[in-house]
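Note sheet for the following structure.
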Amino acid sequence: MGNRIPLNQAAAADRFERYVQRQDQGCWIWTGTRTLHGYGSFCDNGPKVLVHRWSYEQHVGPIPDGLVIDHLCRNPPCVNPDHLEPVTQRENLMRSPIVLSAINARKTHCVRGHEFTPENTYIQPATGKRRCRTCALAAEAVRVRISPKRRPKGQGG
């Protein structure tokens, strides 16, 4: 019989192809319905699905449990399976050029140019934010210099 695609799957594949515009740089742009964030969606004989996930599953295989699909091209309407990779949600966020926590995690130096090394980095327990120890010590020295002098207990004044 060969590699025959079931009729309903063939119809979905035909509809998929009608809404894909292949670009020179390699992206396959979805021209059909899109979400507010630019991801394509369509119905595959049931509820709406995100087209990049559908494309990955049709061309590559099942998405492993617990993983999401990351656009390596950073182009949400792209459905080219070569531009899609299953990763953890954390990895997907850390790769993002717009997620602030990812931007901050990629920083190697504080705003004053001190390197974030294990010895020079303090992680705030409550927030998980990194702080530069050199800057924190300098700020503390300034704070102590401008605060009123402390007198030993029991001495008047």
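The values are calculated or read from the model by the stated rules, or taken from the named source; none is laboratory data. Treat the numbers as computed from the prediction; the structure is a model and nothing was measured. In this analysis, Cβ positions are derived from the backbone assuming ideal geometry, glycine residues included, and neighbour counts consider all displayed protein chains. For the accessible areas, the whole protein counts, side chains as well, though only heavy atoms, and no ligand, DNA or RNA atoms are used. Shrake-Rupley method; radii C 1.70, N 1.55, O 1.52, S 1.80 Å.
Extension gain, L72 to A139: 0.36 nm times the residue separation minus the Cα-Cα distance gives 20.0 nm.
Stokes-Einstein at 10 °C, 1.306 mPa s, Kirkwood radius from Cα pairs: D for region 21-157 in µm² s⁻¹?
Result for D is 82 µm²/s.
In order along region 104-116, the phi-based Karplus estimate (6.51 cos²θ - 1.76 cosθ + 1.60, θ = phi - 60°) of 3J(HN,Hα) comes to 5, 5, 7, 5, 9, 9, 6, 5, 9, x, 7, 6, 7 Hz; Gly and Pro are listed as x. Using 1/(1 + (r/R0)^6) with R0 = 22 angstrom and r between the beta carbons of Q21 and E57, what's the FRET efficiency to the nearest 0.05? The computed FRET efficiency comes out at 0.60. Going by accessible surface with a 1.4 Å probe and the largest first, C43, C110 read C43, C110. Surface exposure of the chain, expressed per residue as accessible area with a 1.4 Å probe, stands at 73 Å².
Most tightly packed first, judged by the mean number of other beta-carbon atoms within 10 Å of their residues, the peptides 22-28, 129-135 read 129-135, 22-28.
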